[in-house]
Amino acid sequence: MFNICPLSPSYSPVYVHNPHLDALKDDILYHFSLGTGSHNLPAMFGDVKFVCVGGSPWRMKSFTEFIAAELAMEDPKSGYPNICAGTDRYAMYKVGPVLSVSHGMGIPSIAIMLHELIKLLHHAHCTDVTIIRIGTSGGIGLEPGTVVVTSQSVDATFLPKFEQVILGKTVVRSTDLDQSLAQELLQCSKGLNQFETVIGNTMCTLDFYEGQARLDGAFCSYTEAEKQEYLLKAKEAGVCNIEMESSVFAAMCKLSGLQAAVVCVTLLDRLKGDQLSSSHEVLNNYQLRPQILVGSYIKKQLKAKAENR
């Protein structure tokens with residue numbers, strides 16, 4: 001078992017950029033059912049060094065159980081209670097310095113979660129935090145089960161940017177991710193030697209069907225040939241996979257000073273089809289791969305820090 005001690009003084013806090021927060025007597029993190037007045041956030045979360053986020057509550061509960069076993073921190077008496085049990089919007093679990101949070105599906109859902117998560121980490125005075133999104137995606141020209149570590153998140157026109165309308169004006173933000181962290185994760189996967197892992201661009205779309213050039217939605221105004229042409233253009237632009245959260249995740253983490261990465265497994269090759277035909281057992285195995293990789297990385301980092309004390 002790792003002996004998790006407080007780390008040495010850090011110079012990497014979690015930043016918020018909002019002067020209005022100073023005027024709040026109690027900052028209510030509504031969608032977490034937490035707040036600065038109702039909870040002692042530094043006591044609850046001050047030791048957090050790694051945050052893993054993923055779409056479904058089930059996946060994040062599964063990751064919590066997995067990482068507890070990896071770090072030899074299992075508690076037979078604990079069912080790993082949901083810290084956000086007071087709301088049905090998101091789920092949150094904690095084991096030692098690792099926080100696991102669900103974010104739902106799509107940019108709006110993860111953006112709401114990230115606003116409150118970033119404020120939580122700030123109010124808890126957390127430092128040197130690494131945040132990793134683990135999830136699923138559709139691959140482009142990759143074998144199903146391949147894990148993609150995102151180099152850069154791009155939009156549906158293959159540009160590395162996230163656009164948001166604020167007060168009627170379009171604001172463009174960078175979607176750069178931490179390249180050194182991406183390389184560390186790739187090296188970690190090579191050490192595991194359990195599944196194929198690549199680094200490449202991830203296309204983030206606003207929709208699962210038409211936005212990703214699927215032919216099986218309720219509406220479709222393009223042909224199979226047009227779909228193939230678009231996906232091949234994406235591949236030529238360095239896109240390895242498609243999902244619906246990475247752009248805003250990258251943009252918000254960069255603004256807050258969080259070291260961030262996106263690690264997603266591909267469930268199918270979109271050049272060969274749109275629907276998932278693999279068995280439930282195979283898909284479950286695929287979905288474990290990002291957890292295995294990220295769990296190995298966290299274990300390696302904590303071991304290195306323990307040895308350096």
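Note on region 189-221: among residues that are more than 18 Å from the chain's Cα centre (by Cα) and among the small types (Gly, Ala, Ser), the one that is least open to solvent (accessible area, probe 1.4 Å) is Ala213.
Residue-wise test of (1) surrounded by fewer than 18 Cβ atoms within 10 Å (Cβ to Cβ); (2) modelled with pLDDT of 95 or more; (3) more than 17 Å from Thr205 (Cα to Cα); (4) not assigned by the TED database to the domain that holds Ser56.
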position: Glu224; (1), (2), (3), (4): yes, yes, yes, yes
position: Lys233; (1), (2), (3), (4): yes, yes, no, yes
position: Ala237; (1), (2), (3), (4): yes, yes, no, yes
position: Asn241; (1), (2), (3), (4): no, yes, no, yes
position: Ser256; (1), (2), (3), (4): no, yes, yes, yes
position: Val265; (1), (2), (3), (4): no, yes, no, yes
position: Gly273; (1), (2), (3), (4): yes, yes, yes, yes
position: Lys299; (1), (2), (3), (4): yes, yes, yes, yes
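In region 164-188, which residues are surrounded by 13 or more Cβ atoms within 10 Å (Cβ to Cβ) and either farther than 27 Å from Arg289 by Cα or not assigned by the TED database to the domain that holds Ile242 (or both)? The answer is Gln164, Arg173, Ser174.
For region 26-40, a residue qualifies if it is open to solvent by 50 Å² or more (accessible area, probe 1.4 Å) and without any contact (Cβ under 8 Å) to a residue 40 or more places away in the chain, and the qualifying residues are Asp26, Ile28, Gly37, Ser38, His39, Asn40.
Among the residues of region 147-158, just one is over 14 Å from the mean Cα position of the chain (by Cα) and either part of a strand (DSSP E or B) or at pLDDT below 95 (or both), namely Val154.
For region 94-108, residues that are without any contact (Cβ under 8 Å) to a residue 60 or more places away in the chain and under 28 Å from Ile242 (Cβ atoms) total 6. Mind checking which residues of region 275-297 are free of Cβ contacts under 8 Å to residues at least 24 places away in the same chain, out of contact with any strand residue (DSSP E or B) (no Cβ under 9 Å at 6 or more places or on another chain) and open to solvent by less than 40 Å² (accessible area, probe 1.4 Å)? None; the set is empty.
Hey, can you tell me all the residues within region 257-281 that are within 15 Å of the chain's Cα centre (by Cα) and among the small types (Gly, Ala, Ser)? First the steps, then the outcome.
Narrowing region 257-281 to residues within 15 Å of the chain's Cα centre (by Cα): 258-266.
Within region 257-281, Ala260, Ala261 qualify.
One residue stands out among those in region 143-163 that are touching a residue at least 12 places away in the same chain (Cβ under 8 Å), charged (D, E, K, R) and open to solvent by 40 Å² or more (accessible area, probe 1.4 Å): the one that is farthest from Cys188 (Cα to Cα), which is Lys161.
The values are calculated or read from the model by the stated rules, or taken from the named source; none is laboratory data. Everything quoted here is computed from the prediction, not taken from an experiment. Neighbour counts run over all protein chains shown; Cβ positions are idealised from the backbone, glycine included. Ligands, DNA and RNA are stripped out before the accessible areas are found, and what is left, the full protein with its side chains, is counted by its heavy atoms. Shrake-Rupley method; radii C 1.70, N 1.55, O 1.52, S 1.80 Å.
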